[in-house]
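Everything below concerns the one structure shown next.
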Amino acid sequence: MHAIKTQNLTKTYVTRIKAEGLAAGFRALIRPERRAVEAVRGISLEVGRGEVTAFIGPNGAGKSTFIKMLCGILHPTGGELSVLGMSPARDRRRLAMRVGAVFGQRSQLWLHLPALDSFTLLAAIYEVGEAERRRRVGELTERLGLGGFLKVPVRKLSLGQRIRCEVAASMLHDPEILFLDEPTIGLDVVVKQAIRELIAERSRLRGTTVLLTSHDPSDVERLCGRAVVIDRGTVVLDSSVERLKSEYLGRKVVEVSFAAPQALPEMPGVETESEPGGMRARLTVDIAARPIGEVMERLSALGGVRDVTISDPPMEEIIAAIFGKGGA
């Protein structure tokens, strides 16, 4: 059985066109001009139970609109939609008991209350018994490192602390589907890894279905088995993450600073950008052509290396590369 199934799903917004000039402004008051904007255009998608799928694309691509339709927050303009065998528009309340969500721009926590109080309220809403609530809060507190700020009002938390609490809240009622929008934003490496391990464990042991949006390529690479890329409301790529890794995630970015000016040697498979003065450089490494370890050895041999960071290219660059290949 599919956890999510859509067929030719569409969503069109009707917006007013802003009038320019005084005369046009008066006309707009009497007869405002409107235009239709297609946020989602004919998306057909099937996601199996227990599958962890990356749902990625540039800002404004239609990701949030699509997910809000899956949750029942928005109603489709056209097409068919089923989540856990239910229609989100008709069965929103029943469906809400079986899904969890993290939306970066909308909190499910009460800002003036400590997160622990929000967990108590949410447990009551989702009909989680007291003993089970205590057990689940204890487990999530330990896994996500919440103990130091559970009793602090949410409005006083840092972004990273709040996101951790949002993730815990989304899992409190043990949902069958998780919709996660940027679940590792603002987090350090250790906490990112803890969240990734928790998400992977939920999918593996409990069969939780996960639809994940992220601008961190490492989230996609380490969590997901499948990647769906959308742009302008339509799917441009639907492939395994293994294919995505081999074709689009096969690069690393090395940023290095030196104690003294350096002229970097040319290396096949490496694109180099040096700042004026030769004190800093950015290297983009095709790891299929040049192992990252070899690049690090060449840099170390130059001497005077003060700092080195290795990271993935920004998600925007990866998406641009996909579009450059036509999403083939």
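The values are calculated or read from the model by the stated rules, or taken from the named source; none is laboratory data. The structure displayed is predicted, hence computed values, not measured ones. Neighbour counts run over all protein chains shown; Cβ positions are idealised from the backbone, glycine included. Quick note on the areas: whole protein, heavy atoms, side chains included, nothing else; ligands and nucleic acids left out. Shrake-Rupley method; radii C 1.70, N 1.55, O 1.52, S 1.80 Å.
Among the residues of segment 165-187, what is the count of those that are free of Cβ contacts under 8 Å to residues at least 60 places away in the same chain and open to solvent by 10 Å² or more (accessible area, probe 1.4 Å)?
Residues in segment 165-187 being free of Cβ contacts under 8 Å to residues at least 60 places away in the same chain and open to solvent by 10 Å² or more (accessible area, probe 1.4 Å): 3 in total.
Anything in segment 270-281 that is more than 30 Å from Leu237 (Cβ to Cβ), open to solvent by 50 Å² or more (accessible area, probe 1.4 Å) and not in a loop (DSSP other than H, G, I, E, B)? List them, or say none.
The answer is Ser274, Arg280.
Considering only segment 241-269, state which residues are part of a strand (DSSP E or B), open to solvent by 10 Å² or more (accessible area, probe 1.4 Å) and at pLDDT below 90.
Scanning segment 241-269 gives Arg251, Lys252.
Looking at (1) in a strand (DSSP E or B); (2) out of contact with any Lys or Arg (no Cβ under 9 Å at 6 or more places or on another chain); (3) open to solvent by less than 40 Å² (accessible area, probe 1.4 Å); (4) of a type outside the set (D, E, K, R), which one does Val235 not meet, given that it meets all the others?
The one condition Val235 does not meet is (3).
Count, please, the residues in segment 297-314 that happen to be farther than 20 Å from Asp219 by Cα and either in a strand (DSSP E or B) or open to solvent by 50 Å² or more (accessible area, probe 1.4 Å) (or both). Break it down stepwise before answering.
Quick first cut of segment 297-314, residues farther than 20 Å from Asp219 by Cα only: 297-308.
Filter once more, so that each one left must be either in a strand (DSSP E or B) or open to solvent by 50 Å² or more (accessible area, probe 1.4 Å) (or both): 297-298, 300-302, 305-308.
Total meeting the criteria: 9.
Which condition does Phe323 not pass, out of (1) modelled with pLDDT of 85 or more; (2) of a type in the set (A, V, I, L, M, F, W, C); (3) open to solvent by 60 Å² or more (accessible area, probe 1.4 Å); (4) under 18 Å from Pro58 (Cβ atoms), if it passes all the others?
Failing condition for Phe323: (1).
Yes or no: Thr284 farther than 27 Å from Asp188 by Cα, of a type in the set (S, T, N, Q) and either surrounded by 13 or more Cβ atoms within 10 Å (Cβ to Cβ) or without any contact (Cβ under 8 Å) to a residue 40 or more places away in the chain (or both)? Steps first, please.
Numbers: farther than 27 Å from Asp188 by Cα: no; of a type in the set (S, T, N, Q): yes; either surrounded by 13 or more Cβ atoms within 10 Å (Cβ to Cβ) or without any contact (Cβ under 8 Å) to a residue 40 or more places away in the chain (or both): yes.
The answer is no for Thr284.
If I ask for residues that are on the phi > 0 side of the Ramachandran plot and touching a Leu at 6+ places or on another chain (Cβ under 9 Å), which ones from segment 183-208 would you list?
Correct list: Gly186 only.
Here is a check on your reading of the model: is Ala101 in contact with a Gly (Cβ under 9 Å, 6 or more places away or on another chain) and either farther than 30 Å from Val14 by Cβ or of a type in the set (Gly, Ala, Ser) (or both)?
no
Which pairs turn up if I take residues in segment 70-98 that are under 24 Å from Ala123 (Cα atoms) and look for partners that are among the basic types (Lys, Arg) and loosely packed, with under 14 Cβ neighbours inside 10 Å with beta carbon separation below 9 Å, at least 6 apart in sequence or on another chain?
Filtered contacts from segment 70-98: Gly72/Arg90; Gly72/Arg93; Met86/Arg94.
Picking from Val210, Val228, which residue would you name as being assigned to a strand (DSSP E or B) and closer than 24 Å to Ala320 by Cβ?
Just one listed residue meets the conditions, Val228.
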